[in-house]
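One structure is given here, and the rest of the page talks about it.
The values are calculated or read from the model by the stated rules, or taken from the named source; none is laboratory data. Small disclaimer: the values here were computed from a predicted structure and weren't measured. No Cβ is skipped: glycine too gets one built from the backbone with ideal geometry, and neighbour counts run over all protein chains shown. Remember, those area values only see protein heavy atoms, side chains included, never the ligands or the DNA or RNA. Shrake-Rupley method; radii C 1.70, N 1.55, O 1.52, S 1.80 Å.
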Amino acid sequence: IGRALDNSMKVLVLAPTSERVDRWYDGLRLALPIHRVGKHGGRGGPRMAAFDVVVATTQSAAKEHMFEPGLGVLVVADEVHEFGTEVLSKALDPSYMWRLGLTTSYERDDDGIAMYLDRYFGAATFRLGYDRALAEQAVASFDLALVAVPLSAAERAEYDACAAATLNGVGGGKSAVRAYLKAIARRDEILAGTTARDSSLRTVAAAIRGAGRGLIVAPSPQIAAHVDRVLAGQSCETTPAGGDGDGRNRRGGKGDDDRDVWRLVTPQDAGGVAGSVDLAIMVSPPRNRRQLIERMDRVLGGQPGGHVRLVVLYIEGSAEDDSISAEAAPIYAAMQHARRLQRFAARNTDQLLEFLVAGRRVVELPADPTAERLQRGSAFSVDPTRE
């Protein structure tokens, strides 16, 4: 952005939500004190030409031009994968000379990448992986506790029946396809509706109460509401933390199943940097790579150089169990980068709390800068498979 301004260009930053617009606007005003930074308020037109940098929502830019044709413009598209639709791609004016797309995950469930984005931006030119991000302290390091939760006997029997029907739902004809899809849907309903996680949530509540700032990641508003009730019974109040006002973060996917719900847990001693997280709980593991990347970005991205204790609950012997199901395989990408990694059975409450308490002590670095660098550097030499 600075280079574009040095070349007497205008800059347009497009963000998916009003919250992200505010974050960009505040950050750019600090970074560019001598430039005029404006925030689009739905009026557009000639008024925008008075600013050097304009921050607007993707939806606004898709409906109207922010700058007059003929001006040299750099467009910065935040969460660029969301622009891969016929409607939102209209925000990408072909007259913009410089183009920069940013995203946590350059993937979609449709052909929007090839149809709209690659044609406009070209192929990805830079990728930042966890190894480099952790080494450069661009994100927080983390401990990972994987907690296996059992279904009740009745739930297990019904789940196994659905799994068997899914495996046997082969053959020709529409009826076989309907049976297959019905079995998968019912299987996922059982996982979503079970109260088996409640006991583990009550256990983790003890660690939540001692955390500086906690984050709950739930796969749906219904599950998030249930988690709220469980934690409220343990004196842990939660608040929505999504980017669009209702606790839900935005996605490039089509269905509600591809949308996570964030809840912040703010104990009385909560403080520190806004957006920082001390303890995070994923109520269920990510089912695909994009889901993993965006969840981990929300957990680790708010506090570069910090440390997070991450708990992932999964239903033992189900599609959420990475030891038996390929659907749960994305969690492996997180496991290999954990500072400490350990698996727990739901009944091992004392061991889980000990792991989490020890993880909090790890991040209390000494004041001596030399010792701090030594501890920080040695963190990545620990074998994550050892207790």
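Checking the condition modelled with pLDDT under 90 and under 25 Å from Glu136 (Cα atoms), which residue from Leu365, Leu341, Leu310 passes?
It is Leu365.
Where the second residue is open to solvent by less than 10 Å² (accessible area, probe 1.4 Å) and the first is at positive phi and lies in the range 203-218, which pairs have Cβ atoms under 6 Å and are six or more apart or on separate chains?
none
Would you be able to tell me the number of residues in the range 202-211 that are open to solvent by 20 Å² or more (accessible area, probe 1.4 Å) and in a loop (DSSP other than H, G, I, E, B)?
1
Among the residues of the range 332-361 satisfying the criterion of being of a type in the set (Gly, Ala, Ser) and farther than 20 Å from Arg197 by Cβ, which is surrounded by the most Cβ atoms within 10 Å (Cβ to Cβ)?
Pass one, the range 332-361, residues of a type in the set (Gly, Ala, Ser): 333-334, 338, 345-346, 358-359.
Filter once more, keeping what is farther than 20 Å from Arg197 by Cβ: 333, 338, 358-359.
Details: Ala333: 15, Ala338: 18, Ala358: 12, Gly359: 23.
Among those residues, the one meeting the criterion is Gly359.
What are the residues in the range 134-144 that are open to solvent by 10 Å² or more (accessible area, probe 1.4 Å) and in a loop (DSSP other than H, G, I, E, B), if any?
Glu136, Gln137, Ala138, Val139, listed by residue number.
Got at least one residue in the range 71-78 being open to solvent by 10 Å² or more (accessible area, probe 1.4 Å), at pLDDT 90 or above and under 15 Å from Arg290 (Cβ atoms)?
Among the residues of the range 71-78, not one is open to solvent by 10 Å² or more (accessible area, probe 1.4 Å), at pLDDT 90 or above and under 15 Å from Arg290 (Cβ atoms), which makes the answer no.
Hey, Gly317 hits all of (1) buried (at least 21 other Cβ atoms within 10 Å of the Cβ); (2) within 19 Å of Gly193 (Cβ to Cβ); (3) modelled with pLDDT of 85 or more but one; which does it fall short on?
(1)
Only one of Arg23, Arg29, Arg47 is under 22 Å from Ser105 (Cβ atoms), open to solvent by 70 Å² or more (accessible area, probe 1.4 Å) and either part of a helix (DSSP H, G or I) or modelled with pLDDT under 90 (or both); which? Reasoning before the result, please.
Details: Arg29 fails: under 22 Å from Ser105 (Cβ atoms); Arg47 fails: under 22 Å from Ser105 (Cβ atoms).
Result: Arg23 is the single residue among Arg23, Arg29, Arg47 that is under 22 Å from Ser105 (Cβ atoms), open to solvent by 70 Å² or more (accessible area, probe 1.4 Å) and either part of a helix (DSSP H, G or I) or modelled with pLDDT under 90 (or both).
What about Arg248, is it modelled with pLDDT under 85, farther than 19 Å from Leu146 by Cβ and open to solvent by 30 Å² or more (accessible area, probe 1.4 Å)? Don't jump to the end; show me each part of the working.
Values: modelled with pLDDT under 85: yes; farther than 19 Å from Leu146 by Cβ: yes; open to solvent by 30 Å² or more (accessible area, probe 1.4 Å): yes.
Yes: the conditions hold for Arg248.
Condition check ((1) assigned to a strand (DSSP E or B); (2) out of contact with any strand residue (DSSP E or B) (no Cβ under 6 Å at 6 or more places or on another chain); (3) open to solvent by 30 Å² or more (accessible area, probe 1.4 Å); (4) polar (S, T, N, Q)) across all residues:
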position: Leu146; (1), (2), (3), (4): yes, no, no, no
position: Tyr159; (1), (2), (3), (4): no, yes, no, no
position: Ala176; (1), (2), (3), (4): no, yes, no, no
position: Ala192; (1), (2), (3), (4): no, yes, yes, no
position: Ser200; (1), (2), (3), (4): no, no, no, yes
position: Ile216; (1), (2), (3), (4): yes, no, no, no
position: His226; (1), (2), (3), (4): no, yes, yes, no
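Tell me, please, whether a residue that is open to solvent by 40 Å² or more (accessible area, probe 1.4 Å), at pLDDT 90 or above, in a loop (DSSP other than H, G, I, E, B) and closer than 27 Å to Gly359 by Cβ can be found in the range 123-133.
no
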